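The values are calculated or read from the model by the stated rules, or taken from the named source; none is laboratory data. Just so you know, these numbers come straight off a predicted model, no measurement behind them. Here the Cβ positions follow ideal geometry from the backbone for every residue, glycine too, while neighbour counts run over all protein chains shown.
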Amino acid sequence: MRAQSAVVKPFDVSRLEEEVREATQQHPPHIQALERAPRIAAPVPDYVSHREDTSEIGKLSAEAIVREYEETAKEIEAMGDVVKEMVQRSEQLASSANAMLKDIKATAARYRKEGKRMFTEIESSSSATDEVRRLCEAFRDKLAAKDAGASK
């Protein structure tokens, strides 16, 4: 690989000026003069008023500061609205949760009632089964006694 030697030309300010002149002559810049708009002072909040012995600079500075504080206070109030919405949503959730709790209690009560019914039914079936078993044993014993008496 052969090293290439780059020829660096010295910076020529007159050439730069000439290039800028050519570019602006080809496409003249569109510059429109702006008329200075008169300063419209936004009213200060109702909770403040200027003192008579304050300079114009003092008044302007105080107005700028109180406007910043007022904007911040409005942002704080907006956060309050968000919190209010959160409270309303929380109340809705609490109401829904209370309704669910009522349903849960009602379901548990139905299960207890059904459990009691099943308990009573099983005990009744068990008693009936015991009675049938006793009757069968008694009948078997009678038959066995007749058989024993007939074999003698």
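May I ask you to list pairs of residues, at least six apart or on different chains, whose Cβ atoms are under 6 Å apart, with the first in segment 53-64 being closer than 17 Å to Ala42 by Cβ and the second being part of a loop (DSSP other than H, G, I, E, B)?
Filtered contacts from segment 53-64: Lys59/His50; Glu63/Val44.
As an exercise: evaluate Thr24 against (1) more than 37 Å from the chain's Cα centre (by Cα); (2) in a helix (DSSP H, G or I); (3) at pLDDT 75 or above; (4) surrounded by 10 or more Cβ atoms within 10 Å (Cβ to Cβ) and give the number of the one condition it does not meet.
So Thr24 meets the others, but not (3).
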